[in-house]
Amino acid sequence: MIISYSNFTTRDLRGTSVEQLCTNIEADLWVADGDVLIYNEVLFPVAELASELTNWIRDPESVRPDFALDSMSFAEKGVVSITRTAGGWRIGSVLSPGVASGVVDESALLQQIRQFAGLVQRDMAAAGIDPHLLFR
């Protein structure tokens, strides 16, 4: 399972409010499991997703609820979702019904989220934006 992106951009960013950072730090996102493309979107709010996922993994696994991104950029809740299942977690999207990852164990999921968030933070810093404005 992989969460990745390309074409990072801040071209629409007009300030450093949380809303501006969440909606205007974007990239072409894709979520895949092997050869199965689960979800992809051009100009997806990657900083918002990375921030929300980072907050979500702070809870211990035993009490961590399912994740459904409630994005400022989409009317739908769950554009990226992670649901608990026997043996781990599945990643999907309400915009790709019937398509989901295989079961991902906790350590692999956490590693992928941390890697994704780390790349977003790196790209924010390279663009001159303090990642601590979103990642605390």
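The values are calculated or read from the model by the stated rules, or taken from the named source; none is laboratory data. Bear in mind the structure is a predicted one, so any value in this text is a computation, not a measurement. Backbone-built Cβ (ideal geometry, glycine too); neighbour counts: all protein chains shown. Remember, those area values only see protein heavy atoms, side chains included, never the ligands or the DNA or RNA. Shrake-Rupley method; radii C 1.70, N 1.55, O 1.52, S 1.80 Å.
Along the Cα→Cβ direction, 7 angstrom out, place labels at Arg122 and Asp70. What is the inter-label distance in nm?
3.2 nm
I'd like the FRET efficiency for Leu43 and Ser107, computed as 1/(1 + (r/R0)^6) with the beta carbon distance as r and R0 of 22 Å, rounded to 0.05.
Numbers: r = 31 Å, r/R0 = 1.42.
Working from the Cβ atoms, E equals 0.10.
Mind checking the full-extension length gain between His132 and Arg58? Use 0.36 nm per residue of separation minus the Cα-Cα distance, one decimal, nm.
Working: separation 74, 0.36 × 74 = 26.64 nm, distance 1.60 nm.
Taking His132 through Arg58 to full extension adds about 25.0 nm, to one decimal.
For region 45-89, what is one quarter of the convex hull surface built on the Cα atoms, given in nm²? Can you show the working numbers first?
Numbers: hull surface 13.1 nm².
Across all orientations, region 45-89 yields a mean hull projection of 3.3 nm².
In degrees between 0 and 90, to the nearest 10, how far off the longest principal axis of the chain does helix 106-126 point, with axes built from Cα atoms?
Tilt of helix 106-126: around 10 degrees.
Rounded to the nearest 0.05, what FRET efficiency is calculated for Val99 and Lys77 with R0 set to 25 Å and r the Cβ-Cβ distance?
Values: r = 17 Å, r/R0 = 0.70.
Once rounded, the FRET efficiency stands at 0.90.
If ligands, DNA and RNA are left out, what is the accessible area of Thr54 with a 1.4 Å probe, given in Å² to the nearest 10?
About 30 Å², ignoring ligands and nucleic acids.
What's the carbon and sulfur percent of the chain's accessible surface, probe 1.4 angstrom, rounded to a whole number?
Carbon and sulfur together cover 49 percent of it.
What residues qualify as long-range amide H neighbours of Tyr39, i.e. H under 5 Å apart, gap of 5 or more or another chain, H built at 1.01 Å from N?
Val31
Helix 46-56 versus the longest principal axis of the chain: what is the Cα-based angle in degrees, 0 to 90, to the nearest 10?
Relative to the chain, helix 46-56 is tipped by roughly 50 degrees.
Per residue, how much space in cubic angstrom lies within the convex hull of the C-alpha atoms of region 15-66?
On the way: hull volume 5.0 nm³, N = 52.
Here the figure is 96 Å³ per residue.
Can you run phi through the Karplus equation (6.51, -1.76, 1.60; θ = phi - 60°) for region 100-105 and list ³J(HN,Hα) in whole Hz, with x for Gly and Pro?
Each residue's phi maps through the Karplus curve to give 8, 6, x, 5, 10, 6 Hz.
Put a dot 7 Å past each Cα toward the Cβ at Leu13 and Val36; how far apart are the dots in nm?
3.5 nm
Taking a probe of 1.4 Å, how large is the accessible area per residue of region 3-136, in Å²?
Details: 6660 Å² over 134 residues.
Value for region 3-136: 50 Å² per residue.
Among the trypsin sites (Lys or Arg not before Pro) within region 74-128, which fall in a DSSP loop and have no more than 11 other Cβ atoms within 10 Å of their own Cβ?
Values: sites: Lys77, Arg84, Arg90, Arg114, Arg122; in loops: Lys77.
Filter output for region 74-128: Lys77.
Viscosity 0.692 mPa s, temperature 37 °C: what is the translational diffusion coefficient of the chain from Stokes-Einstein with a Kirkwood Rh over Cα pairs, rounded to a whole number of µm²/s? All intermediate terms of the calculation are to be shown ahead of the outcome.
On the way: Rh = 15.0 Å.
Stokes-Einstein gives a translational diffusion coefficient of 218 µm²/s.
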